[in-house]
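As structure tokens, the structure follows; a few thoughts come after it.
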Amino acid sequence: MKVLITGGAGFIGSNLAKYLLKKDHEILIIDDLSTGQFENIKHMEKHPKFTFVLDSILNYTVLDELVSSVDIVYHLAAAVGVEYIINNPLKSIEVNVQGTENVLKLAHKYKKKVLLASTSEVYGKNEKASLEENDDRILGSTTINRWSYSNNKALDEFLALAYFREKKLPIVIVRLFNTTGPGQVGDYGMVVPRFIKQALLNKPITVYGDGEQTRCFTHVDDVVSALDLLMNCNSCEGEIFNVGNPEEVSMNDLAKRIVKYLKSESKIMHISYEKVMGPNFEDMRRRVPNNDKINKFIGWKPKMNLSHIIKDIVKHYEEDLRF
Ligand SMILES: NC(=O)c1ccc[n+]([C@@H]2O[C@H](COP(=O)([O-])OP(=O)(O)OC[C@H]3O[C@@H](n4cnc5c(N)ncnc54)[C@H](O)[C@@H]3O)[C@@H](O)[C@H]2O)c1
């Protein structure tokens with residue numbers, strides 16, 4: 001199959017491209033390298049079945065040509081990461097709303113199946129022990145910038161579902177929970193690579209808030225296999241799926257585990273949210289996925305636990321030294 005991956009030079013997109021190339025698909029990528037890196041795809045550049053287009057999904061003419069030429073579309077391009085969204089509010093809305101609209105409109109024009117990467121951020125402040133796809137969204141005020149990402153992605157979901165219901169466009173929506181692994185950079189607030197980098201450099205590990213907030217991390221390899229299975233599942237069309245690992249860890253414990261694993265001299269330093277994110281910031285204490293639905297539809301469960309994730313990221317940093 002000929003596959004278009006928007007945002008394919010990003011962390012998840014480049015791993016997906018590598019995975020699908022190995023399965024002998026032909027890969028076309030569009031990425032404006034705003035948060036993605038050419039380094040992520042450099043090793044595939046010379047592959048005869050790989051093409052990289054440096055452009056934006058906001059360029060409708062270019063996107064039209066690309067969508068028309070492929071069989072399926074993985075739509076991953078987005079403004080990503082809480083810190084990035086807060087610092088780039090306008091661009092984030094434009095890319096995450098208009099960009100997705102462009103992709104869906106063209107997919108409909110050429111009748112191409114789309115997998116839409118949404119996010120656990122849509123659940124907002126719902127801190128239920130095990131979030132299910134139909135659970136309520138609990139959001140803060142529009143003056144708090146972080147909720148813009150949640151709303152933009154929710155609008156993407158509404159749009160994709162509307163195309164499915166009204167126009168019979170085959171779509172599948174995935175709500176990714178914190179995805180991490182080798183190759184992810186810590187620059188946009190991605191916590192695991194940031195802590196590991198700080199620990200490797202024996203610098204203070206900067207934990208935001210009191211550090212007792214918990215998160216769940218999924219290995220990118222687990223995510224990529226879920227994306228492939230979901231794209232190839234007919235009964236999954238028109239459905240929304242959580243993709244995440246329910247293993248929960250507090251930020252304090254995460255920092256301690258990384259320090260211990262690396263035998264680092266780093267001290268753990270708490271910084272107020274206000275100092276990093278500015279005034280008017282809200283965060284949730286926990287966000288845990290329920291994977292029953294995806295397990296029922298495609299038999300997917302994450303295979304890699306947090307220890308495995310930490311080990312893999314450390315190995316990558318030590319081999320690559322790409323901080
Ligand atoms: N990593 C996570 O924990 C996580 C969690 C939830 C959802 N997601 C979703 O998964 C997708 C991929 O995220 P990621 O973690 O790989 O982040 P990433 O930043 O590495 O990837 C996003 C890619 O999109 C590209 N991009 C941004 N704007 C663009 C535009 N206008 N035109 C073309 N390309 C553009 C970036 O350059 C980047 O390569 C995103 O849609 C994100 O919302 C990720």
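The values are calculated or read from the model by the stated rules, or taken from the named source; none is laboratory data. The structure presented is a predicted model; accordingly, all values stated were derived computationally and were not measured. We place every Cβ from the backbone using ideal geometry, glycine too, and count neighbours over all the protein chains shown.
Would you check if there is a residue in segment 21-29 being closer than 24 Å to VAL95 by Cβ and in contact with a His (Cβ under 7 Å, 6 or more places away or on another chain)? No, that holds for no residue.
Given the options GLU132, GLU94, GLU121, name the one that is free of Cβ contacts under 8 Å to residues at least 60 places away in the same chain and closer than 16 Å to ILE173 by Cα. First the steps, then the outcome.
Working: GLU132 fails: free of Cβ contacts under 8 Å to residues at least 60 places away in the same chain; GLU94 fails: closer than 16 Å to ILE173 by Cα.
Only one candidate passes the filter, namely GLU121.
The residue that is modelled with the lowest pLDDT, counting only those in segment 30-55 that are under 10 Å from GLY7 (Cα atoms) and β-branched (Val, Ile, Thr), is THR35. Evaluate segment 202-216: report whether one residue or more is farther than 27 Å from ASN87 by Cβ, within 16 Å of the ligand (Cβ to nearest atom) and charged (D, E, K, R). Within segment 202-216 (the criterion being farther than 27 Å from ASN87 by Cβ, within 16 Å of the ligand (Cβ to nearest atom) and charged (D, E, K, R)), the answer is no, since none of the residues qualifies. When the test is whether a residue is among the polar types (S, T, N, Q) and either over 30 Å from LYS2 (Cβ atoms) or under 19 Å from the mean Cα position of the chain (by Cα) (or both), SER250 passes it.
Screening the candidates ASP64, ASP24 for the property of being over 17 Å from the mean Cα position of the chain (by Cα) and either near the ligand (Cβ under 8 Å from one of its atoms) or in a loop (DSSP other than H, G, I, E, B) (or both) yields one hit, ASP24. The residue that is farthest from the ligand (Cβ to nearest atom), counting only those in segment 68-85 that are assigned to a helix (DSSP H, G or I) and surrounded by fewer than 24 Cβ atoms within 10 Å (Cβ to Cβ), is SER68. Can you say whether PHE50 is among the aromatic types (Phe, Trp, Tyr) and within 14 Å of the ligand (Cβ to nearest atom), as far as the supplied structure shows? So PHE50 does not fit the description; no. Here is the figure for segment 86-122: residues that are farther than 14 Å from LEU159 by Cα, part of a helix (DSSP H, G or I) and away from the ligand (no atom under 11 Å from the Cβ) total 7.
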